[in-house]
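Remarks on the structure that follows.
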């Protein structure tokens, strides 16, 4: 680094000496050319220092196989441009309208526990002991012969999109009743367990990326959600200040907010609270890994008010707290609070807990 500095300084000195008797235009041009290596050196130094953050790393990875059901904390996960492997690959839809059902509507969904596929290639699903519902398993990657026996639907509805899907059937030998029948008992109405079909579900462009070209499965709108651990700490600090007001229960005086409430995929630490707000592109694990573009801030609804442990919805926390200090951040939805950023991977790779996070581009 010192040698590069000396070289650039020497080039500038020699250039000045050589152009003393030349025209002003030539002098300006020579100075510009001499400064290019210095500017390049500055950019390299900024990149090497990760914009002054020090070490930023992945502290938690969460995969949510069935939309709005319980997530799984994993040590490592593969990802593609459509998100983490098996994340929101399945969802539960109303049997009549084919509208996707989420925990915004049925809070106890978060108590349904999908277990990520193992060597058996099955997605196992279980329920609370007092539900009266038996566990079941479905093939995680059914072959063409199996798919030919499953009903195909082209009108599963999510946020205005019509999504092609397959109605899942029980894996051979793993149970008598169909997954949809068992889930219908849990919901008290006819529902369907469906798996995303092969047609691409195109993501909407954002203000920052009007020409966005990306697709996802059953995520709300984008393949990944990135969130800072320190941001959660900030929310808790703000929460403590308002205990006893606006319906915020005294138990929150020392109660902890589980990060699972916000249903992120990649939780990071080391940069500071909500620093992801200012990132445009990151790489994880290696500075040359496929980039993850943070295309927009994530506006929040009442779903984080649902406890992932009990399935009960709090009447105030954290939504009313977020309204106090996390609004005005989205360019079009100023009244909506934002926590975390929506990400789009630019390739395939593997992400692991403990991986370094490299900030490639900032928005500021």
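Note on the chain: with a GNM built from Cα contacts shorter than 10 Å, the maximum mean-square fluctuation among 291, 244, 354 falls on 244. The Rg/Rh ratio of segment 118-173, with Rg taken over Cα atoms and Rh as the Kirkwood radius over Cα pairs, comes to 1.05.
Determine the calculated [θ] at 222 nm for the chain from helices alone, applying -39500 (n - 2.57) to every DSSP H run no shorter than 4 residues and normalising by the residue count; nearest 500 deg cm²/dmol.
On the way: 6 runs with 75 residues, N = 364.
For the chain, the value works out to -6500 deg cm²/dmol.
Across every pair of non-identical alpha carbons in segment 225-364, the mean reciprocal distance, once inverted, gives a Kirkwood radius of 15.9 Å.
Taking 313, 104, 177 in turn, the Gaussian network model of the chain (Cα-Cα springs below 10 Å) assigns the largest fluctuation to 177.
Fewest neighbouring Cβ atoms within 10 Å first, the residues 157, 336 line up as 157, 336. Residues 115, 206 in ascending order of nearby Cβ atoms (within 10 Å, fewest first): 115, 206.
Highest GNM mean-square fluctuation among 165, 68, 199, for the chain modelled with Cα contacts below 10 Å: 199. Alpha-carbon geometry of the chain: the Rg and the Dmax are 25.1, 93 Å, given in that order.
Return the ratio Rg/(2.2 N^0.38 Å) for segment 75-138, where Rg is computed over Cα atoms only. Walk me through the numbers before you get to the answer.
Details: Rg = 13.7 Å, N = 64, 2.2 N^0.38 = 10.7 Å.
Working it through for segment 75-138, the quotient is 1.28.
Relative to the longest principal axis of the Cα atoms of the chain, the long axis of helix 229-241 makes an angle of roughly 70 degrees. Length, then width, then depth: along the principal axes, the Cα atoms of segment 88-199 run 35, 34, 21 Å.
FYI, it's all coordinate maths here, none of it is from the lab. The structure presented is a predicted model; accordingly, all values stated were derived computationally and were not measured. Using ideal geometry, Cβ is built from the backbone for each residue, glycine included, and neighbour counts are taken over all protein chains shown.
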